[in-house]
Amino acid sequence: MGSLVEFVFYGAVLGIMYALIAVGFTLFFGVLDVINFAHGDVLTVGAFSGLVAYLGLGVLGVDLPLVLQLVTVVLAACVMTAAAGVLIGKVFVVPMRDAPAFNILLMTLMIGTVFREAIRLFYPQGANPKAFPALISKAAVDVGGVFIRLDSIALLVLGLAVVFLTSWLINHTKFGLAIRAVAQDADTAQVMGIPFKRTVFATFALGSILAGIAGIMHGIYYSEINFNSGLFLGLIGFSAAVVGGLGSIWGAIIGGFTFAALQTVWVVLFPDASSYRDVFSFAVIIVIMALFPTGIIAERYSEKV
Amino acid sequence: MSVLRFWPSLAILALAAIWTLCLLLAEDQWMIWSALAVAAVAIPAAMRTGAGAGLGAALNESGRFFALLISALIVMIALVIHDGHYPLMMLASVLIYGLVCIGLTIQFGYAGVINFAGAAFFGIGGYTAAVLGTSGVPSLLIVLLGGVIAALIGGFIILPILRTRGHYSALITIAFGLLFQIFLEVNETLGGPQGLKVEGAAIAGWSLLDGISLAGYDASFYLNYVLLIAAIFTAVFILTRNLERSWIGINLDAVREDAIGASVFGINVTAWRIFAFMLGNFVIGIAGALFAMMQNFIAPSNFSFSDSLLMLSIIVIGGIGNLWALLPAAIIVILIPEKLQEIGEYRILIFSVLVALMLRFRPTGLFPRPVRQFKREVEQ
Amino acid sequence: MIFRATVLSAAILMGVAGTPAHAKDTVKIAFIGPLSGGNSATGVGGRNSAETAVRVRNEKGDSKYNYELVALDDECKPNVGVQVATRAATDRHIIAGITHFCSAVAIATVDVYHRFGFPVVVWGAILPDITYAQDYKEVHRVNGSMLDETEVATNSLIEMGYKKWVVIHDTTDYGNMLNKMFQEKAPKKGGEIVGSFGVGANQQDFSAELLKIKDINPDVVLFAGLTPLGVRVRSQMEHFGVDVQFAAVSGIMSTSYFDALGQTAEGTLSFHNAAPLTAMPGGKAFLENYGKANYSNPPEPYGPYAYVAADLIMSAIEQVGPDRKKVQAILNDTKDYPSIAGPINFDDHRNNSVASTRYVAQDGDWVRWEDSEYASGKRQLKGR
């Protein structure tokens, strides 16, 4: 029974990571009607930026308390991912926003591949998995036979905080209002004086920052980062965003937790067949898409014929 | 077709064949770079002058003739190489990927059905060949069955694909592709991550794995495979070309361009999409079976999402919907990176940049699909 | 006049005498191993060691041929392995190969080598089937097999008092066969395998397996797989609070294990078909020669075997020239070949058996058990 609680808890940590990635996808889609498939690999860029920042601190001989190290690492990740996101938006996606969905999908997939390969080739021994520093204390708490580590609790809390912060940003600030306006009707928003390109780039930056934070969380949770972890996580994030309904932030969060729940449920029910968990999860995604073609929180759209 | 166009077109094709032969046989890196330089100069030159346009028009109008001509050139290349194992294997790989891309062209180039799981259907064909290889079923039948089973399994995900559009249907094919690869890796019966050995093809009792030896002319066994695959490729190519030029092609184009408009005209959009998807998967499955038989080995890591992206890159670089551009594009994506071993490590990086730039600046590809020649089809 | 003639003839004579020294043919041999990816440390160490062997022989100057090493990357993936194996085997200029660390790749490529008549000497893969399943005269091996490794592993663990085992293995032929052997051998010595988990080589998350193992509460977790997977299992054991002794097969013995785990690696037990370099007959000389090239990677535990394989091949080529069939015949008959790792003897399946040694991870290095502070009692393993 104790292990069931543990399963649920660790499932939640995975869920919040997937949710962060999914929210990024949904933001890009909401604002531009595009899927930016480089998002998963931007996560890897964030994770590696954080690692480089940490190693840089070591090389410079700067000795900071653990919390400040964590802050530095997260900041480095956010800066680099924001830059990457804006770069992708400015050079590739915004000029192509009227192109067919396939073109943008494939183009951003290729851009993601470029990031991935660049890390593999140019980071020293990039193809090797890299140890990620334990930036949050690994001490454990034993709550009535249930073994929970402090870093997992901290990650969950951090993730939820970021999600709520993003939601507050979107719904209660002027910047968020601009994003929502552009998402609803770009032309009218521009007529109303909202700077279209700046808002879009800022949205890309925001979404990518979320990916960067997810990357750091992933690194801390598994104590390891790998140049190709981003691709699979991106695909999970995309599935989560689609299932929840593209364009809806809460949909993306629900989608993220849904995917994690699917994985956890399978593993709890069939521990001997645990390696099939991803087969099961993706199969369910396909079934959900068959039943709800535009996601659980359906996308509201009209098509001009 | 006018004589003025015929001879220059023939000349261009012959030169291209010689260039391909040189590229396949070249071993020194400087030879390969010079071949690339020659191509980089020659192709734009041909396109500027009338010769390139002439060739384009000739190919666009022709039915079987140029397809058979190109096949003959390929066979000649293979015969000239005769005992070089590796160049022949490369030639066969180019043809196999060309075949896969014919399938993808039917799905996406004609009917507009996005398929990010090309590698999965390729793998289904391959695993069919692996499983049936020792069962005594004749090889050609195995190849066909590879295609049939790929089409049938594709039928399972056709329903969600039909109900969705754009990014959503893309997600379904992506999810399916991942599902397939992960399933193969964890499932023991199909060999797991270790993969499976595959029996080579055998026609009428004669195994393709035996080289030919005729009066001092020794041929690598890969020559057999090149001949077999070239034959199948030509047949499928001609059939698809006929399909494209027929009323079926017109219907598919209508479905792709404007589904709502097409349905207003009474075209059954759903039926055509299913048709294109399953036919495309059939072709991809055949290619997979041939690939497995030639390699004598398959493993789940042969069929990853990146491999699906590779296949899509070929049709994007060539020109979406243009069958004639497939072989040149396959040569660019498959053959050149193999040959340029110095940059071998960087090849994925380079070709990703290439495709991203291509999609950004020239989404119609190197050889855009020419406009349909209605005039010819109406007048006898 | 006479003076000029003398000078001229002297010059001609010197020229003629000088030319043969520069007219040595170059012979190519291939090295295939995981040069990228999670096992790259071992692969690169092996390549560097093979290169060292080639360099040493070329520098000695008394060989008939000039040797060149062609290094190919199999990425530890069977399908890539088959591709590069085909490339090497179909290249007429490459006479023989020093092949493979990853067993999953090695077992997939034996057919390729056989089909093209390409003699190879395995330097790191320990799956018995590689040499024993078929009678392919092309395939030889110098580094022993898992028959030796699992025997010593089982005996050691039981001796140390670890009777209840849980085995975590990867699902390639390598992991599956290791699991099978442990399942057979453990009960015979009084051990009991209370749980066995097959995991995918690319699996990222082990929460399911490890939480279950926590419930089972074994004496030792025995890992049968390669370094990247082992690193993940070990670090997640810490994460989920599985406080049990960790032991693993030689697939985990590389410096990347320490790089990735840091302090967590301390105390891991492992087993390897080779004595430490200091105890090998040619070990010291090998290290010196290796060091001369200033490589940024160490040779890793399997490096010496790559050196031995290269050496064996080059000796054979020296005897019969660059002819694949003749080289293969020489290699087949290898008996008492003096190598840096001791005498090499091929049995009827061209396999060299080696007694396995027990190792423990101590202070970021793999130390022979007998030499370690754990054996002397200064440090303690878990659960003893």
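The values are calculated or read from the model by the stated rules, or taken from the named source; none is laboratory data. This is a predicted model, so every value here is computed, not measured. Backbone-built Cβ (ideal geometry, glycine too); neighbour counts: all protein chains shown.
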Self-check item: Any hit, the range C:292-303, residues being assigned by TED's automatic domain parsing to the domain that holds C:Val70, touching a residue at least 40 places away in the same chain (Cβ under 8 Å), in contact with a strand residue (DSSP E or B) (Cβ under 9 Å, 6 or more places away or on another chain) and farther than 17 Å from C:Ile95 by Cβ
Solution: yes
Exercise. Go through the residues of the range B:101-111 one by one and say whether even a single one is more than 18 Å from the chain's Cα centre (by Cα), of a type outside the set (Lys, Arg) and outside any helix (DSSP H, G or I).
Key: no
Practice problem: Quick one: count up the residues across the range A:200-242 that are more than 9 Å from every other protein chain (Cβ to nearest Cβ) and in a helix (DSSP H, G or I). | Solution: 28
Quiz item: Of C:Asn176, C:Asn217, which residue is outside the structural domain of C:His349 (by TED's automatic domain parsing) and under 26 Å from the mean Cα position of the chain (by Cα)?
Solution: C:Asn176
Quiz item: Inside the range A:125-140, can you point out the residues that are among the aliphatic types (A, V, I, L, M), part of a strand (DSSP E or B) and either closer than 14 Å to A:Glu224 by Cβ or more than 9 Å from every other protein chain (Cβ to nearest Cβ) (or both)?
Solution: A:Ala131
Quiz item: Say we look at the range A:26-66 and pick out the residues that are within 13 Å of another protein chain (Cβ to nearest Cβ) and charged (D, E, K, R); which of these is farthest from the chain's Cα centre (by Cα)?
Solution: A:Asp33
Practice problem: Examine the range B:44-55 for a residue that is outside any helix (DSSP H, G or I) and either of a type in the set (Lys, Arg) or farther than 20 Å from B:Arg241 by Cβ (or both), and state whether such a residue exists. | Solution: yes
Quiz item: Restricted to the range C:294-326, and to residues that are among the acidic types (Asp, Glu) and not in a loop (DSSP other than H, G, I, E, B), which residue is surrounded by the most Cβ atoms within 10 Å (Cβ to Cβ)?
Solution: C:Asp311
Quiz item: Looking at (1) within 12 Å of chain C (Cβ to nearest Cβ); (2) buried (at least 17 other Cβ atoms within 10 Å of the Cβ), which is the one condition that is false for A:Gly245?
Solution: (1)
Quiz item: Is at least one residue of the range A:150-159 in contact with a Leu (Cβ under 8 Å, 6 or more places away or on another chain) and more than 11 Å from every other protein chain (Cβ to nearest Cβ)?
Solution: yes
Practice problem: Enumerate the pairs (first residue in the range B:20-34 and on the phi < 0 side of the Ramachandran plot; second residue anywhere and basic (Lys, Arg) and assigned to a helix (DSSP H, G or I)) with beta-carbon separation below 6 Å, excluding pairs fewer than 6 apart on the same chain, so at least 6 apart or on different chains. | Solution: B:Ile32/B:Lys339
Quiz prompt | Residues of the range B:28-39 satisfying the condition of being of a type outside the set (A, V, I, L, M) and closer than 13 Å to B:Pro337 by Cα | solution = B:Gln29, B:Trp33
Self-check item: C:Val56 in a helix (DSSP H, G or I), at pLDDT 90 or above, surrounded by fewer than 22 Cβ atoms within 10 Å (Cβ to Cβ) and aliphatic (A, V, I, L, M)
Solution: yes
Quiz item: Which condition number does C:Gly117 fail, the rest of (1) surrounded by fewer than 22 Cβ atoms within 10 Å (Cβ to Cβ); (2) assigned by TED's automatic domain parsing to the domain that holds C:Lys77; (3) under 15 Å from C:Ala224 (Cβ atoms); (4) of a type outside the set (Lys, Arg) being met?
Solution: (3)
Quiz item: Of the residues B:Ser352, B:Ser313, B:Ser306, which single one is closer than 19 Å to B:Gly126 by Cβ and of a type in the set (Gly, Ala, Ser)?
Solution: B:Ser306
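Residue by residue, here is whether (1) among the acidic types (Asp, Glu); (2) out of contact with any helix residue (DSSP H, G or I) (no Cβ under 8 Å at 6 or more places or on another chain); (3) outside any helix (DSSP H, G or I); (4) outside the structural domain of B:Leu290 (by TED's automatic domain parsing) holds:
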| residue | (1), (2), (3), (4) |
| --- | --- |
| B:Leu15 | no, no, no, yes |
| B:Met31 | no, no, no, yes |
| B:Ala40 | no, yes, no, yes |
| B:Met76 | no, no, no, yes |
| B:Leu99 | no, no, no, no |
Self-check item: Near pairs, Cβ below 7 angstrom, 6+ apart or cross-chain, from the range A:113-124 (facing chain B (nearest Cβ under 7 Å)) to any residue that is of a type in the set (Asp, Glu)
Solution: A:Leu121/B:Glu345
Self-check item: Residue check for A:Ala76: crowded, with 21+ Cβ neighbours inside 10 Å, farther than 27 Å from C:Ser254 by Cβ and touching a helix residue (DSSP H, G or I) at 6+ places or on another chain (Cβ under 7 Å)
Solution: yes
Quiz prompt | Hey, B:Ala150 modelled with pLDDT of 90 or more and within 20 Å of B:Ile274 (Cβ to Cβ) or not | solution = yes
Quiz item: Can you pull out the helices (runs of 4 or more DSSP H) entirely within the range B:256-327 that have at least 3 residues that are within 24 Å of B:Ala231 (Cα to Cα) and out of contact with any Ser or Thr (no Cβ under 9 Å at 6 or more places or on another chain)?
Solution: B:269-295, B:305-318
Quiz item: Does B:Leu162 meet the test of being more than 21 Å from A:Ala240 (Cα to Cα) and either buried (at least 20 other Cβ atoms within 10 Å of the Cβ) or touching a residue at least 60 places away in the same chain (Cβ under 8 Å) (or both)?
Solution: no
Quiz item: Given the conditions (1) crowded, with 16+ Cβ neighbours inside 10 Å; (2) among the hydroxyl-bearing types (Ser, Thr, Tyr); (3) at pLDDT below 85, which single one is not true for A:Tyr301?
Solution: (1)
Quiz item: If you check C:Ala96, C:Ala89, C:Ala85, which single one turns out to be free of Cβ contacts under 8 Å to residues at least 40 places away in the same chain, closer than 21 Å to C:Lys325 by Cβ and under 21 Å from the mean Cα position of the chain (by Cα)?
Solution: C:Ala89
